[in-house]
Amino acid sequence: MPLRAMAIVGALLLALAACVSPPAAPQYPDLSYSHKAPLALDVREILIEERYEPPLTRPNVEHEFPVTPAEGLASWGRDRLKAVGRAGAARMIIEVASVKVRRLPTKSTIGGLLTREEAHELTAEIQARLIVGDEGLVGSPFALATVTGRRTLLEDLTINQRDDAYYDFTRELVDAFDAEMEQSLRRHLGDLLR
């Protein structure tokens with residue numbers, strides 16, 4: 001092959017390689033609970049306060065989630081809680097929004113190389129408290145919901161597949177929180193529900 005033809009082929013290959021880009025990272029919407037009936041409280045305002053401070057180091061991985069459990073809880077509060085009164089305030093305090101990962105043992109035999117195994121386990125805990133009145137005041141009414149969850153991840157997931165699993169896990173946790181907090185509200189703050 002003449003040198004000139006090789007140079008042209010090389011230039012074409014470089015141009016083609018420049019046109020190929022990696023797949024775009026998926027965009028994940030905030031979790032939404034606006035399709036559910038609001039929990040109307042006889043207060044003038046509802047405040048959402050995040051007190052949980054993620055460690056930002058392993059074994060904690062919640063900061064790696066495309067939508068963190070804390071963000072999911074805040075979305076829940078904005079969508080489900082509605083202030084319909086003339087006085088007072090309710091505060092939703094996000095106390096825990098933790099997800100930890102641990103590596104699971106996998107087979108190192110030939111059989112293990114031929115199958116995809118569960119390689120990581122996620123354990124999560126989310127907790128929020130809804131307080132009406134002053135937090136430090138003895139006897140201030142409140143509702144509390146705590147949810148724990150567990151999920152395993154297969155080995156060799158792509159980053160996008162891992163993020164999909166993280167997003168789905170956050171949704172599962174907040175969906176479970178939704179049911180738990182609604183029960184707690186009706187049990188402990190039922191006289192304030194409208």
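The values are calculated or read from the model by the stated rules, or taken from the named source; none is laboratory data. What you are looking at is a predicted structure, and each value in this text was computed from that prediction instead of being measured. All Cβ positions, glycine included, derive from the backbone under ideal geometry; neighbour counts span all protein chains shown.
Observations on the structure shown:
- Selection count, the range 141-172, where residues are over 30 Å from VAL43 (Cα atoms) and either out of contact with any helix residue (DSSP H, G or I) (no Cβ under 8 Å at 6 or more places or on another chain) or assigned to a loop (DSSP other than H, G, I, E, B) (or both): 17
- Residue within the range 72-81 that is closer than 16 Å to ALA165 by Cβ and either at pLDDT 95 or above or not hydrophobic (A, V, I, L, M, F, W, C) (or both) present: yes
Here's the yes/no breakdown for (1) surrounded by fewer than 17 Cβ atoms within 10 Å (Cβ to Cβ); (2) closer than 19 Å to ARG58 by Cβ; (3) free of Cβ contacts under 8 Å to residues at least 60 places away in the same chain:
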residue: ARG80; (1), (2), (3): no, no, no
residue: ARG91; (1), (2), (3): no, no, yes
residue: PRO141; (1), (2), (3): yes, no, yes
residue: GLU182; (1), (2), (3): no, no, no
residue: LEU185; (1), (2), (3): no, no, no
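- Of the listed requirements (1) under 30 Å from GLU45 (Cα atoms); (2) modelled with pLDDT of 95 or more, LEU192 misses just one: (2).
- Of VAL67, VAL101, VAL96, VAL61, all but one fail to be modelled with pLDDT of 95 or more, under 15 Å from ASP175 (Cα atoms), surrounded by 14 or more Cβ atoms within 10 Å (Cβ to Cβ) and out of contact with any Cys (no Cβ under 7 Å at 6 or more places or on another chain); the exception is VAL67.
- Applying the condition of being under 24 Å from GLY77 (Cβ atoms) and either free of Cβ contacts under 8 Å to residues at least 60 places away in the same chain or among the β-branched types (Val, Ile, Thr) (or both) to the range 151-176 and asking which residue is surrounded by the most Cβ atoms within 10 Å (Cβ to Cβ) yields THR170.
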